[in-house]
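The values are calculated or read from the model by the stated rules, or taken from the named source; none is laboratory data. On a predicted model such as this, the values are computed, not experimentally measured, just so you know. Glycine also receives a Cβ, built like all others from the backbone with ideal geometry; neighbour counts cover every protein chain displayed. Side chains included, ligands, DNA and RNA excluded: accessible areas come from the protein's heavy atoms. Shrake-Rupley method; radii C 1.70, N 1.55, O 1.52, S 1.80 Å.
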Amino acid sequence: MPSIADYIQEPQKALIDAATEPSLRRFIDSSDLELVTITLGDGTQAQVQALAHGSVRRVVERIISEGRRAGVNIQEWICSPSEFNLCTKLNTPVGQRMRELDAFLNNKWTQGAINAAGLITLFTLPAVGVCLTLLSAIGFVNNVFIELCECPVPDA
């Protein structure tokens, strides 16, 4: 599976991979998918399913809601001033924010039994790291995390 650096370089790949990741599929309805055209290494093109840009927020909200039921408050982790504190990082380039969030969420996964148990319930054991990386990438599509954290809009 690609790394967060791959998704920074090619954000559409995160939407494609999210659509095909079995542990994320339970959060994705068929109406959340769209066909996109990609260019293959030999120059030919193919159509693949991807998470639609307009559906990212709904899918992230489903993940957050199910996480809460599993005892994992991902939104709190990302938004809280005592945790990742996304709103204070808005002047950081988006690629760096994605890397930092990926490292933060994966640290949550590896650091404690409560977080680990809830994340395994949410995503299944073999896919937790992959799902957290995909979440770190897709959450910045359409500024979903920024809206969920209710970050103030900077003055123009």
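Couple of notes before you dig in:
- Candidate membrane-span-like segments in the chain, meaning DSSP H helices with Cα atoms spread over at least 27 Å of their own axis and a Kyte-Doolittle mean of -0.5 or above, do not occur, with no membrane implied either way.
- Partnerless Cys - the chain, beta-carbon criterion under 4.7 Å: CYS131
- Between LEU33 and ALA52, the built amide H atoms are under 5 Å apart, and every one of these is 5 or more places off in sequence or on another chain.
- Carbon plus sulfur fraction of accessible area for the chain, probe 1.4 Å, in percent: 51
- Taking LYS13, LYS89 and ordering them by how much accessible surface each has at a 1.4 Å probe, largest first, produces LYS13, LYS89.
- Simple label model, 7 Å out from Cα along Cβ direction - ASP42 to VAL153, nm: 4.9
- Inter-label distance for GLU34 and GLU10, nm, one decimal - labels placed 7 Å from Cα along Cα-to-Cβ: 1.9
- Exposure rank, largest accessible area first [ARG99, ARG57; 1.4 Å]: ARG99, ARG57
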